[in-house]
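Peer 1: Would you mind keeping the following structure in view while I ask a few things?
Each reported figure results from applying straightforward, stated rules to the coordinates on display, with no laboratory input. Everything quoted here is computed from the prediction, not taken from an experiment. All Cβ positions, glycine included, derive from the backbone under ideal geometry; neighbour counts span all protein chains shown.
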Amino acid sequence: MTRRSHWLIGGAAAVVLLGAPGLLRGYGVYLLGYWLVFVVATMGLNLTVGYAGQVSLGHAAFLGVGAYSVAIAMKAGCSFWLGLPVAAALCFVLGLGLGFPALRVQSIYLAFATLGFNVAMWLVMRNEEWLTGGTSGINDVGRPAVLGWSLSGSLAYYYFELAVAAVLGALLWRLLRSPWGKAFTALRDNPIRAESLGIDVQAYTLLAFAIGAAYAGVAGALFAGLVQFVEPTPFSLGASFLMYLMVVVGGAGSFFGPAVGAAVGVLLPEWLRFAQGWYLVAFGACVVLLVRWLPGGLLGIPDRVRARRARAAAATRGRP
Amino acid sequence: MADFLQLLVSGLATGSIYALAGLGFTLLWQASGTLNFAQGEFVMLPAFGILALSGLGLPLPVAFAVTCAVAVVVLGWGFKRGIADPLLRSGHMPVVVATLGLSIALRNAVRAGYSAEAHPFPSVFGDDLFHIAGVVVTRIDLGTLAAALVLVLGTQAFLARTVTGRAMQAVAQDPDSAVVVGIDVPRMILYAFAVNAVLACAAALLVTPTYLAKFDMGESLGTKAFFAAVIGGFNNARGTLLGGIVVGVCENLAAAYVSASYKDAVALALFLFVLLVRPQGLLGKPVERRV
């Protein structure tokens, strides 16, 4: 894509994201906020899946750890601003602890480890009533204030989420363009060659996974403030599968893929309410078709169109 | 002691079913590098198939046979042709993604199109109780254990002793050399898919009387099957049997003596422990990385 079209699309997106909530009613703003939670979470997952090339099937558990950390901290009378870093740090440490044994063997073992981790965390959320409130969850989670400016209104909270997403997006952008980020991509494309160039494959993969988990932790903190009610259902294994597929649908390893994938996973079902249970059937079936015919995800479409045009142009030029 | 033995027997029965589902998973991985994350749904679908057919008035064995035949075509040949073959060309990951999508689609199709309720399922064995040396054992447990053992060991024997089975193993170990010695590699891979489909049907027949037929029954079953396979040694079919039984028994004992609510986390704990102590799995051989 040319530089100019990048700026145009970016500018249009910024205008929509900043302006649209003003035109929407309460529920619309809430949905956009919900979408932003998943954008942040899948941004982290994209680092693990798209850039480090791992299969992680427990991202919803990290989202849950983040949400519960904030909810529990705020119920104990602590500030949101304490809960947020705790959520991120806790997820980062859990990610290291889980990824270390799994990544020692084969990278695919991370898929099994994260899958089991999700089941285990879900059991903790459901059973440890003294801590998590069990199935009835934690009610009335408060929203924070920034410099004395309360974020309890839905519009204010939306802009807060947008700011957090923008900051985390910028951080990720910087990370991917640093020598560090290059190492991530190198080890996804060819782990053995990357290793021979002196990249410690295990350490980098582990780090990518743990940073991805920390992003989910922050997303979980945002989730707790947005929904103001935390219970185990949104953090089930099925939710993790969906999040993994969101990343793939948007385009694993493409920077804006998560925004598109999260829209397909979160916003689209709202418009297609009439389809009810069949939406997920169609979604699953589309994923199968997508990996078969469009391996680059939805954001891979422009590249394919361009490649086809270039081929067509080359063919006409080649003709006498 | 009597309690312990009782828990042991029912754990063995559950574990042998995990092994059954896990064995198909291992076979697919060995034969073609397919990681089937819809394995649980491959058990759930036949369960509903058998249920629907016996609802039409067919006796259970006939319903089972028909379901097996359909499964070999749809979950065996169809799955291989439609998903595994075209995607494996670009590595393992696309297959993982596609089977995850497939699992979501199948699960929700049954939920939206058939029923979201749990349906009782007839047992082949009846539910009488036995008293053996003071231990109460249900006929379902004993029958399930025996049937699953026969199936797993039968598959073992087929792989180890028949010409076809040995050819399948040769393909699993080294497809290129298998071609050189004249083995029809695509056919052997197709057999692996067909065997997986039949094993899934058998697992459905054995497990559903206890689990009940429900659209999401595949989730926990599939998870346990993966862990059975990985704990036992991913590249070893005998290991899967051991892995399944270890998971089933430990789960049952932990539920009784430690905490019933954390039963489903036992498999993960065992898995992480095995990874730290013996990364290749209990009976597996270490895999060398090829450049």
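Peer 1: Could you work out the mean count of beta carbons from other protein chains within 10 Å of each residue's beta carbon in A:109-117?
Peer 2: Partner-chain Cβ atoms within 10 Å, mean over residues of A:109-117: 6.
Peer 1: Would you mind checking the tilt of helix A:301-318 against the longest principal axis of the Cα atoms of chain A, expressed as 0 to 90 degrees and rounded to 10?
Peer 2: Tilt relative to chain A: about 10 degrees.
Peer 1: Hey, got the average number of other protein chain Cβ atoms within 10 angstrom for residues in B:273-281?
Peer 2: 3
Peer 1: Where the centroid of each part is defined by its Cα atoms, how far is the stretch B:157-207 from the stretch B:1-72 in Å?
Peer 2: The distance from the Cα centre of the stretch B:157-207 to that of the stretch B:1-72 comes to 18 Å.
Peer 1: Now for a separate question. Which residue, chosen from B:P94, B:L53, B:F25, occupies the Cα position most advanced towards the positive end of the dipole of the stretch B:2-216, where the dipole is computed from +1 (Lys, Arg) and -1 (Asp, Glu) charges on Cβ about the Cα centre?
Peer 2: Going by the Cα projections, it comes out as B:P94.
Peer 1: With chain A treated as a Gaussian network of Cα nodes joined by springs under 10 Å, which of A:A208, A:A14, A:A61 yields the largest mean-square fluctuation?
Peer 2: Highest fluctuation of the listed residues: A:A14.
Peer 1: To continue, here is another question. About its Cα centre, how strong a charge dipole does the protein assembly as shown have in debye, to the nearest 20, once Lys and Arg get +1 and Asp and Glu get -1 at the Cβ?
Peer 2: The dipole of the protein assembly as shown has a size of about 2380 debye.
Peer 1: Most mobile of A:S136, A:S196, A:S79 per a Gaussian network model of chain A (Cα springs, under 10 Å)?
Peer 2: A:S196
Peer 1: Now for a different question. Using Cα pairs under 8 angstrom and six or more residues apart, how large is the relative contact order of the stretch A:24-318, in percent?
Peer 2: 34 percent
Peer 1: Measure up B:K263/B:K285; B:K214/B:K285; A:K182/B:K285; A:K75/B:K263 against 31 Å on the Cα-Cα distance and list the ones that go over.
Peer 2: B:K214/B:K285; A:K182/B:K285
Peer 1: Per residue of B:215-224, count partner chain C-beta atoms within 10 Å of its C-beta, then hand back the mean as an integer.
Peer 2: Per-residue shielding by partner chains comes out at 2.
Peer 1: Which of rounded, prolate or oblate describes the stretch A:104-162 when judged by the alpha-carbon gyration tensor and an a/c cut-off of 1.5?
Peer 2: Taking the square roots of the gyration eigenvalues as a ≥ b ≥ c, the stretch A:104-162 is oblate.
Peer 1: Related question: Calculate, for A:F229 and A:L272, the FRET efficiency according to 1/(1 + (r/R0)^6) with r their C-beta to C-beta distance and R0 35 Å; round to the nearest 0.05.
Peer 2: Efficiency at R0 = 35 Å is approximately 0.90.
Peer 1: So who's got an amide H within less than 5 Å of the one on B:H119, skipping anything under 5 residues away but keeping other chains? H placed 1.01 Å off N, in plane.
Peer 2: B:A213, B:K214
Peer 1: Then there's this: Pairs of alpha-carbon atoms within less than 8 angstrom and 6+ residues apart define the contacts here; what relative contact order does the stretch B:49-199 have, in percent?
Peer 2: 28 percent
Peer 1: For the stretch B:2-216, what does the alpha-carbon gyration tensor say about shape, rounded, prolate or oblate, given a ≥ b ≥ c as the root eigenvalues, a/c under 1.5 as rounded, and a/b over b/c as prolate?
Peer 2: oblate
Peer 1: In whole Å, how far is the Cα centre of the stretch A:212-283 from that of the stretch A:169-185?
Peer 2: Here the answer is 23 Å between Cα centres.
Peer 1: Still on this structure: Running a GNM on chain A with Cα contacts under 10 Å, which residue among A:T42, A:T135, A:T205 ends up with the highest mean-square fluctuation?
Peer 2: Highest fluctuation among the options: A:T135.
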